[in-house]
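A short write-up of the structure that comes next.
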Amino acid sequence: MLHDVPSAGTLPIKDKEADMQKEIVMFLSTTPYSFENTRTIFKLAESALKKGHRARLIASGDGVFSIVKGQVPQALSTLVDLVGKGLKVDI
């Protein structure tokens, strides 16, 4: 006897990964004036936050100097703004 079996597309399969919010982690380790990495990471973080993702910046080594007062013009104020929007920062 044959039984009607619903196709996989109609089964209510719950994806555990879809329930977990993902976090985008960015690592900044380059010197403040050698590259435009600081600005690029800030743009990526802002875009991720606008789309509803969680975002985290890890600054290490010379990258720490990219986000301290007086190093990169407007970097600190941009960072403060992003933290206000939800960016997490680890140094």
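Which residues, counting only those in the stretch 26-76, are within 15 Å of Leu87 (Cβ to Cβ) and either surrounded by fewer than 12 Cβ atoms within 10 Å (Cβ to Cβ) or in contact with a His (Cβ under 6 Å, 6 or more places away or on another chain) (or both)? So that I can check it myself, show each step before the final result.
Filtering the stretch 26-76 for residues within 15 Å of Leu87 (Cβ to Cβ) gives 26-28, 38-59, 63, 66-67, 75-76.
If the condition is that a residue be within 15 Å of Leu87 (Cβ to Cβ) and either surrounded by fewer than 12 Cβ atoms within 10 Å (Cβ to Cβ) or in contact with a His (Cβ under 6 Å, 6 or more places away or on another chain) (or both), then Lys50, Lys51, Gly52 are the ones that fit.
Residues of the stretch 45-71 being in a helix (DSSP H, G or I) and among the hydroxyl-bearing types (Ser, Thr, Tyr), which ones? Show your work before the answer.
Quick first cut of the stretch 45-71, residues in a helix (DSSP H, G or I) only: 45-50, 61-67.
Matches in the stretch 45-71: Ser47, Ser66.
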(request) State the number of residues belonging to the stretch 43-77 that are farther than 15 Å from Leu28 by Cα, of a type in the set (Ser, Thr, Tyr) and under 17 Å from the mean Cα position of the chain (by Cα). (result) 1
(message) Pairs needed: first member in the stretch 55-80, free of Cβ contacts under 8 Å to residues at least 60 places away in the same chain and at negative phi; second member anywhere, part of a helix (DSSP H, G or I) and of a type in the set (Asp, Glu); C-beta distance under 9 Å; at least 6 residues apart or different chains.
(response) Ala55/Glu46; Thr78/Glu46
(message) Can you pull out every residue in the stretch 56-91 that is among the small types (Gly, Ala, Ser), modelled with pLDDT under 90 and touching a helix residue (DSSP H, G or I) at 6+ places or on another chain (Cβ under 6 Å)?
(response) Ser66, Ala75
(message) Condition check: at pLDDT 90 or above and part of a helix (DSSP H, G or I). Does Glu17 satisfy that?
(response) no
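The values are calculated or read from the model by the stated rules, or taken from the named source; none is laboratory data. All figures in this text were calculated on a predicted structure; none of them were measured in a lab. Quick reminder, even Gly has a Cβ in these numbers, built from the backbone with ideal geometry, and neighbours come from all protein chains shown.
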